[in-house]
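Bear in mind these aren't lab numbers, they're just calculated from the coordinates by the rules spelled out. Keep in mind the model is a prediction, meaning the values are calculated, not measured. Using ideal geometry, Cβ is built from the backbone for each residue, glycine included, and neighbour counts are taken over all protein chains shown.
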Amino acid sequence: MTLVLMALVFTGLHAQSKSDLPNVTLKDLNGKDVNISKLSNNGKPIVITFWATWCGPCIKEHNALNDVYQDWQDETGVKIYSVSIDDSRSTAKVKPTVEGKGWEFEVLLDVNSDLKRAMNVSNPPHTFLIDGNGKIVYQHTGYFECAEDELYEEILKIAKKKK
Amino acid sequence: MRKHILVLLALALTTSFKAGAQSLLESSQVSGSFQTDAQYYMLDEGIGITDLNGKKLGINGFGKVNYANGNFSAGIRFEAFLPEMNGFRKELNGVGLANFFATYDNGFIGMTVGDIYDQFGSGLVFRSYEEWSLGMDNALRGARVVLRPAKGVTLKGVYGRQRYFWAPYLERNFATDDYRGIVRGVDAEWDLNQSVTALNDSKFKMSIGGSFVSKKQVNQSMFYNIPENVGAAAARINLGYGNFAFSTEYAYKINDPSAINNFIYKEGQALMASLSYSQKGFGAVLQVKRIDNMSFKSMYTGKQNDLDINFIPPINYTHTHSLPSMYTYSTQPNGEMAAQLQVNYTIPKGTALGGKYGTKLTFNMSQVNDIVRDSVKYGNAMALNESGTLGYTSKFFAISDHRFFRDINFEIDKKINKDWHVTAQYINLYYDIETIEGHAGSPVVKANIGFLDVTYKINKKQSLRLELQGLWENEVHKGYEVEESEKKDFQKRGDWAFALLEYSITPHWSFSIADKWNYGNPVEEYRDHYFTGTITYIHEATRVMLSAGRQSEGVVCVGGVCRTVPASSGVSLTVSTSF
């Protein structure tokens, strides 16, 4: 009896910690469903960045991120998800743009801005950094030249914590 | 012993309650965002602002809070337009709770009550969405059910009434012309690759879908017999094989006389298709579309974009620089034939032309023409697009000589070395301003546009950006003769020059000055300078932007963010944050 009660106490104490990411499902460029709340990168950092084919600063940010992506991956194992908020005006252009520009990110299509709304993004570009437990640890709106360096410092902070 | 048990029981209950509450708190996420755009208006005779109409200040603001806990989420959005900024609809003036929703979704079934944003296929028969920066919101207040009975199968049903600025949803006021109907819709989609195991990782991709949407409206017209139920249906298919992708959607709508289509009783049709090929370093996409009488609103007297149930996407290239975006095409729901081709290519790194970083090229061409309309028999006579008749007949593949729009552009994007980056674009534009903006009798805009965007990195923290743009009209310029009575139609016409210099200190500050000069306007008094200075401060997800000067109509991109602005003179402030 006592044991049962003790067990109860402990199960009660076991509070589960959950991901900050919303329960929204988007399609990737191959048409596969991806549930954002279930994104994982084996405990390594994840970057989610919102963009659109018609957003000049976003293209600049993506080009800059793409230039350093390989190095970042080698050093920290970070994975970048690039969420396109293009609607049916330009969804057909997303894949040719991504491939044509040679970007290496995992690209997701937020055709009706479901994730944009759920993550409270007002204007692209807007970038989130998520740690290995699914917590949003840093976010940034807009793009200035070299802003990726600041993002990388934040990535290094959580990548180091891991070790 | 008993005492012990009681103590333990009490302990167990309190801890599990406490832990329960704690775990509820820990698993709950509260997030949200705020934005305020304010503008202080000043008289500026130089650009023709001689009367502020009693309005010195415009403030648009919103605040939203989302709550999520596992499968449950809910949110509210509060909006204030006190009063609305110039360029936004007067009906927005007001303050209140504009949007709320609650959703439960466990993967098998999802239910939402409140304000719903969703779309079926590409939106040809149903799309509800909001675009804050344009003051546009046609959310459907009602209920939605989403069912996923098997892998790859999604069924959706929506029911409700659309947002119409601040008009109440339940007690519509017919005296103020609020005849909004009820919108009902169902959609089914089947993705073969997710539902058939053998096709899971196949190179061949296929999904199909279909939807049916209807509106139930009240006939308040004294002249026309307005149908109380109007239905529209659509079917779509997406196919892919390796690097190729093809998708198409066809929509049909029964007769739906409205203020937009001049109260004709013709059915509507829409067809969109796209074919693309992409591989690393190369992407090409061809899109075509045909629209015939496809305006679909939940109120037959609706104007502009009010109460649109569907969304007819313009497929042309969206320009974001100041001068190229001056003449932006908007869809003609009564009829258009459009085609668009875009090619993206990256000249590989390490080649003579690619250099160290590769060179990115983009080519785009789009054109839109009218459909061909033939008159129909009405009584003993022939009539073309006359109210109360069947309107017209139209051959499906016939293209009218009346061209609305054409844009041919070529862009080169090159990182020269660690410090220098250049983007340049040339655009050849044809823009039928009479049709698109409703300026009767205005000559077509035929223009060459070019821009050069150069970024120089001073060091790891500081950079300079220079933008030079020019727009040259082929026919309308300094020497063009304008009659006194037509003058007004020539605002913003003729040749333009634009220059912007931005200095930014990563990650927080940006300072910029810009001048836009209509130096080649045929009307001398319109040859104005639009000078602006802007300071932007960004800290993580917070942005504060202060600018002063004159703004002409168009899209402005400063501090890494773009938004549309109306013509004005004064000081404006934007504060936005999200958490």
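See the values below:
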quantity: Region B:224-257 residues near the modelled B:Lys303 label - backbone nitrogen below 11 Å, point 7 Å along Cα→Cβ; calculated: none
quantity: Other-chain or far-sequence residues with amide H under 5 Å of A:Val24's (modelled H); calculated: A:Ile36, A:Ser37
quantity: Kirkwood-Stokes translational diffusion coefficient of the protein assembly as shown, alpha-carbon pairs, 10 °C, 1.306 mPa s, µm²/s; calculated: 57
quantity: In order through region B:467-479: 3J(HN,Hα) via Karplus (6.51 cos²θ - 1.76 cosθ + 1.60), integer Hz, x for Gly, Pro; calculated: 10, 10, 9, x, 10, 10, 7, 6, 10, 9, 8, 2, x
quantity: Residue-wise HN-Hα coupling along region B:334-346, computed from phi with Karplus coefficients 6.51, -1.76, 1.60 (Hz; x: Gly, Pro); calculated: 7, x, 6, 10, 9, 9, 8, 10, 10, 10, 10, 9, 10
quantity: Pair B:Glu483, B:Asn106: separation of 7 Å Cα→Cβ label points (nm); calculated: 7.2
quantity: Low-density loop cleavage sites - chymotrypsin sites (Phe, Trp or Tyr not before Pro) in region A:55-118, where at most 11 other Cβ are within 10 Å (DSSP); calculated: none
quantity: In region B:125-183, the trypsin sites (Lys or Arg not before Pro) that fall in loop regions by DSSP, at most 16 other Cβ within 10 Å; calculated: B:Lys151
quantity: Computed over region A:22-162, Cα set: Rg, Dmax in Å; calculated: 14.0, 43
quantity: Where labels lie 7 Å past Cα in the beta-carbon direction, separation of B:Leu155 and B:Ser330 in nm; calculated: 3.9
quantity: Relative contact order [Cα under 8 Å, 6+ residues apart], chain A, whole percent; calculated: 29
quantity: For B:Glu249, A:Glu154, order by how many other beta-carbon atoms lie within 10 Å, fewest first; calculated: A:Glu154, B:Glu249
quantity: Alpha-carbon radius of gyration plus Dmax, which is the widest Cα pair, for region B:109-313 in Å; calculated: 18.7, 61
quantity: For chain B: relative contact order, % (alpha-carbon pairs under 8 angstrom, 6 or more apart); calculated: 9
quantity: Fewest-first sequence of A:Lys79, B:Lys377, A:Lys95 by Cβ atoms within 10 Å of each Cβ; calculated: B:Lys377, A:Lys79, A:Lys95
quantity: Efficiency of FRET from Cβ geometry, B:Thr176 and B:Glu434, R₀ 25 Å, rounded to 0.05; calculated: 0.20
quantity: Within straight-line cross-link reach of A:Lys44, lysines at Cα separation under 24 Å, skipping those fewer than 8 residues along the same chain; calculated: A:Lys18, A:Lys27, A:Lys32, A:Lys79, A:Lys116, A:Lys135, A:Lys157, A:Lys160, A:Lys161, A:Lys162, A:Lys163
quantity: For B:Gly438, net neighbour charge (Lys/Arg +1, Asp/Glu -1) across residues whose Cβ lies under 14 Å away; calculated: -2
quantity: Viscosity 1.567 mPa s, temperature 4 °C, Stokes-Einstein D of region B:384-490 from Kirkwood C-alpha radius, µm²/s; calculated: 72
quantity: Segment B:Leu546-B:Trp190, length gained on full extension (0.36 nm per residue, minus Cα span); calculated: 123.3 nm
quantity: Set of lysines near B:Lys253 by C-alpha distance (under 22 Å), chain-local residues within fewer than 8 positions excluded; calculated: B:Lys156, B:Lys215, B:Lys216, B:Lys266, B:Lys289, B:Lys297, B:Lys303, B:Lys377, B:Lys395
quantity: B:Phe212-A:Asn30 FRET efficiency (beta carbon distance; Förster radius 25 Å; 0.05 resolution); calculated: 0.30
quantity: Average beta-carbon neighbours from other chains, 10 Å sphere, peptide B:199-210; calculated: 1
quantity: Computed lengthening from B:Trp166 to B:Tyr224, 0.36 nm per intervening residue step minus Cα-Cα distance; calculated: 18.1 nm
quantity: Integer Hz, Karplus 6.51/-1.76/1.60 couplings in order for region B:568-579, x for Gly and Pro; calculated: 6, 9, x, 10, 10, 9, 10, 10, 9, 8, 9, 9
quantity: Distance (nanometres) between label positions extended 7 Å along Cα→Cβ at B:Phe579 and B:Leu384; calculated: 6.2
quantity: Whole-Å semi-axes of region B:31-181's equivalent ellipsoid (Cα gyration tensor); calculated: 36, 18, 14
quantity: Candidate lysines - alpha carbon under 27 Å from B:Lys478, same-chain residues fewer than 8 apart omitted; calculated: B:Lys446, B:Lys487, B:Lys488, B:Lys492, B:Lys516
quantity: Ranked B:Met294, B:Met222, B:Met326, criterion: other C-beta atoms within 10 Å, fewest first; calculated: B:Met222, B:Met326, B:Met294
quantity: Region B:34-112: chymotrypsin sites (Phe, Trp or Tyr not before Pro) in DSSP coil with no more than 10 other Cβ atoms inside 10 Å; calculated: B:Phe108
quantity: Size of charge dipole - chain B - debye, nearest 20, with Cβ of Lys, Arg +1 and Asp, Glu -1, no other charges; calculated: 2500
quantity: FRET E, pair B:Ile408, B:Ile535, Förster distance 25 Å, beta-carbon r, rounded to 0.05; calculated: 0.10
quantity: Ratio of Rg to Rh over chain B (Cα coordinates, Kirkwood Rh, two decimals); calculated: 1.00
quantity: Gyration tensor (Cα) of region B:436-579, equivalent ellipsoid semi-axes in angstrom; calculated: 34, 17, 12
quantity: About the Cα centre, charge dipole magnitude for the protein assembly as shown (Lys/Arg +1, Asp/Glu -1 at Cβ), debye; calculated: 2660
quantity: Label-zone membership for region B:459-481, site B:Glu524, 7 angstrom Cα→C-beta point, backbone N under 13 Å; calculated: B:479
